[in-house]
2 protein chains.
Amino acid sequence: MDRKVWKLARRPVGDIADGDLELVSEAIPDLAEGQFLLAVIYLSLDPTNRIWMSDMEQYMPPVELGAPMRAGVCGRVVASRKAGVEPGQIMAGLGEWADHIVSDGSFMSPLPQLPGVSLAATYGTLALVGPTAYFGLMDIGQPKPGETLVVSAAAGGVGQIVGQIGKIKGCRVIGIAGGKAKCDYVVNELGFDACIDYKHEDVGAALDRLCPDGIDINFEQVGGPIMVEVLKRMKTFGRVPLCGLISGYNAIDAVEEPGFWTMILMRRLTIRGFIVTDFAPRFGESGAALAGWMLGGQLQTRQDIRPGLENAVATVRELYTGGNFGKLLIQVSDY
Amino acid sequence: MDRKVWKLARRPVGDIADGDLELVSEAIPDLAEGQFLLAVIYLSLDPTNRIWMSDMEQYMPPVELGAPMRAGVCGRVVASRKAGVEPGQIMAGLGEWADHIVSDGSFMSPLPQLPGVSLAATYGTLALVGPTAYFGLMDIGQPKPGETLVVSAAAGGVGQIVGQIGKIKGCRVIGIAGGKAKCDYVVNELGFDACIDYKHEDVGAALDRLCPDGIDINFEQVGGPIMVEVLKRMKTFGRVPLCGLISGYNAIDAVEEPGFWTMILMRRLTIRGFIVTDFAPRFGESGAALAGWMLGGQLQTRQDIRPGLENAVATVRELYTGGNFGKLLIQVSDY
């Protein structure tokens, strides 16, 4: 039996080009003792994919040239030689851009099924992006009632959850997103207090209007000039969970934004970078909190589901131009 | 009765110039109910003095033009109309560049007398710089045995204490200081593992040699190119207590160093600015720890004591050229 898998043919220079990844068919090897075969249902496309394709400094080894492209995946076990893993089980974890994956269970765990919640919403929330939002905001952001929280990429996979947790914790939440539809969604559907449309508004002026007393927490995902405008308005003892810098991931000659060192000192800011896997020992805590909020109707999430593994390259590119609206997933096979 | 006091005549531009501050004589007002009169023994000169003279963004209001220059002081009560404050008591806190100060007790508290320790060492350690070193290193740096700690301005008031606490906590401690005498002192007298003489060594190359596996904690006091070299070598999960940026305080057109945003994200660094007064509710904790280490012979400190209030301007300038060796104090009157 064959599988289809995207392999990294060359490292992208700037935007991801056709030919940087190649979709190939190859035989699925027989399962060894301790392995299982997963039929991928959803492939998670995330900003960090572009980092993994590069050889820039990063938090895991880059994907090697010629190797399958790495990704978060969710699928159904179709065969198993691993104790405790049964055919039919839904598993989620770190996999490949492929329709079938052979796994030994590393970085892979059963996905709980929430009653009345779709698999896409369960996977798109409880797996990587939910814990990212939860630990970044709760551990680093430390939200307190009445504080002002700014969330960039507000309608994206992580941002939509960050803002809703902020509201649950009593913050004033200001999103930043591209376009009226996304801004309307986070305000009208998710309950954000306001959202700045960076494509049509002067972000600095809008922040001055919406955050006249400054910003306590900047959940940073974007970097670049938008980050600079937010940082300028941080309040004393402000916190910056640094989750991503997507605006620079496709840059060929990246220039670091200024360090704001004097401001960090004078306003006693905390800047802390994090990756969700740093919190892996505490995923039980985040899973329980997120599931509870989802089942209690306090947390809703939007998935942007696109069909077909063959469209993975064209689809992942949209992350870097703001083309996605909600957590971006590829539907590789039916549930 | 008159007092002598330095008043801020104009805000320095670049280096502190003669005439930026003026030494004047003025009558000491009669004490009101709740006030006491302090004869200043030691005036503490600190890097932050230059900030207070300016109108740059800062963590307290700048000293107003025409007002007495602000400073940490230690003195003896000579008259009191405040309950609980008796003539003869030694008090330390926030005061003025003056030989006598009228205080209502705000930001002023009794200085404990440590047996066998001079008043200069007690004041120069237990008052501002000791808590600065303690909270910056312990709360933000979070030193663990076997970790590598780099301390800039290693022979200065704060740096010498940071390095010794680092050794008490089991760290490898690398100092950075200007000149052989200071480097020899922190290694041979204070037990640092090594010290880089930034005036005569390539700091980057020395860090590569002394910290081949990278740096866990950078206790930052200096900023500028030395900070950049240290930051480049931070390890994953490294911490940067940001205590000062003295290299830029006299700059006329300050340029922020790059932000290292990508590195902060990928290595999951924590950068946190702090001011010692943020920890005022916990000064009891730092005082007990510091006094215990001093009396136990684990913490020794050097004071650089200069005579005469009239020399305050010439003396404070030395902080910005590395002219001091240890905690810089002016002896205003005899103990």
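Cβ-Cβ distances below 6 Å connect the following pairs, each with a first residue in segment A:114-129 that is in contact (Cβ under 8 Å) with a residue 12 or more places away in the chain, a second residue that is in a loop (DSSP other than H, G, I, E, B) and aromatic (Phe, Trp, Tyr), and a separation of six or more residues or different chains: A:Leu119/A:Tyr335. Among the listed residues A:Leu38, A:Leu23, which satisfies the condition of being surrounded by 22 or more Cβ atoms within 10 Å (Cβ to Cβ), at pLDDT 95 or above and in a strand (DSSP E or B)? It is A:Leu38. Within segment B:167-187, the residues that satisfy the criterion of being assigned to a helix (DSSP H, G or I) and over 18 Å from B:Ala206 (Cβ atoms) are B:Lys167, B:Ile168.
Residue-wise test of (1) surrounded by 21 or more Cβ atoms within 10 Å (Cβ to Cβ); (2) out of contact with any helix residue (DSSP H, G or I) (no Cβ under 7 Å at 6 or more places or on another chain); (3) without any contact (Cβ under 8 Å) to a residue 24 or more places away in the chain; (4) not aromatic (Phe, Trp, Tyr).
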| site | (1), (2), (3), (4) |
| --- | --- |
| B:Trp6 | yes, no, no, no |
| B:Ala27 | no, yes, no, yes |
| B:Thr48 | yes, yes, no, yes |
| B:Asp55 | no, yes, no, yes |
| B:Pro68 | no, yes, no, yes |
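Taken over segment B:219-237, the criterion of being within 11 Å of chain A (Cβ to nearest Cβ), on the phi < 0 side of the Ramachandran plot, in a helix (DSSP H, G or I) and not β-branched (Val, Ile, Thr) is satisfied by B:Met227, B:Leu231, B:Lys232. For A:Asp253, the stated conditions do not hold, so it cannot be described as more than 14 Å from A:Gly223 (Cα to Cα), touching a residue at least 60 places away in the same chain (Cβ under 8 Å), among the charged types (D, E, K, R) and part of a loop (DSSP other than H, G, I, E, B).
For beta carbons closer than 6 Å, sequence separation of 6+ or different chains, a first residue in segment B:189-215 that is in contact (Cβ under 8 Å) with a residue 12 or more places away in the chain and not assigned by TED's automatic domain parsing to the domain that holds B:Ile176 and a second that is loosely packed, with under 15 Cβ neighbours inside 10 Å and polar (S, T, N, Q), there are no qualifying pairs.
Please go through segment A:256-276 and pick out each residue that is in contact (Cβ under 8 Å) with a residue 60 or more places away in the chain and part of a helix (DSSP H, G or I). If the condition is that a residue be in contact (Cβ under 8 Å) with a residue 60 or more places away in the chain and part of a helix (DSSP H, G or I), then A:Val276 is the only one that fits. Restricting segment A:287-335 to residues that are without any contact (Cβ under 8 Å) to a residue 40 or more places away in the chain and in a helix (DSSP H, G or I), the residue that is nearest to A:Lys182 (Cα to Cα) is A:Glu318. If you filter segment A:189-213 down to residues that are in a strand (DSSP E or B) and among the hydrophobic types (A, V, I, L, M, F, W, C), you find that the one that is surrounded by the fewest Cβ atoms within 10 Å (Cβ to Cβ) is A:Ala194.
Per this entry, A:Phe274 is counted among residues that are within 30 Å of A:Arg317 (Cα to Cα), within 14 Å of another protein chain (Cβ to nearest Cβ), touching a Cys at 6+ places or on another chain (Cβ under 8 Å) and among the hydrophobic types (A, V, I, L, M, F, W, C). Since A:Val240 meets every condition but one in (1) over 24 Å from A:Pro145 (Cβ atoms); (2) crowded, with 22+ Cβ neighbours inside 10 Å; (3) within 14 Å of chain B (Cβ to nearest Cβ), which condition does it not meet? Just one mismatch for A:Val240, condition (1). Taken over segment B:170-188, the criterion of being out of contact with any Asp or Glu (no Cβ under 9 Å at 6 or more places or on another chain), loosely packed, with under 15 Cβ neighbours inside 10 Å and in contact (Cβ under 8 Å) with a residue 12 or more places away in the chain is satisfied by B:Ala181 alone.
When the residues of segment A:131-162 are filtered to those that are over 14 Å from the mean Cα position of the chain (by Cα) and under 22 Å from A:Asp197 (Cα atoms), the one that is surrounded by the most Cβ atoms within 10 Å (Cβ to Cβ) is A:Val150.
The values are calculated or read from the model by the stated rules, or taken from the named source; none is laboratory data. Since the model is a prediction, treat every value here as computed from it, not as a measurement. Don't worry about glycine lacking a Cβ; one is built from the backbone with ideal geometry, like all the others, and counts go over all protein chains shown.
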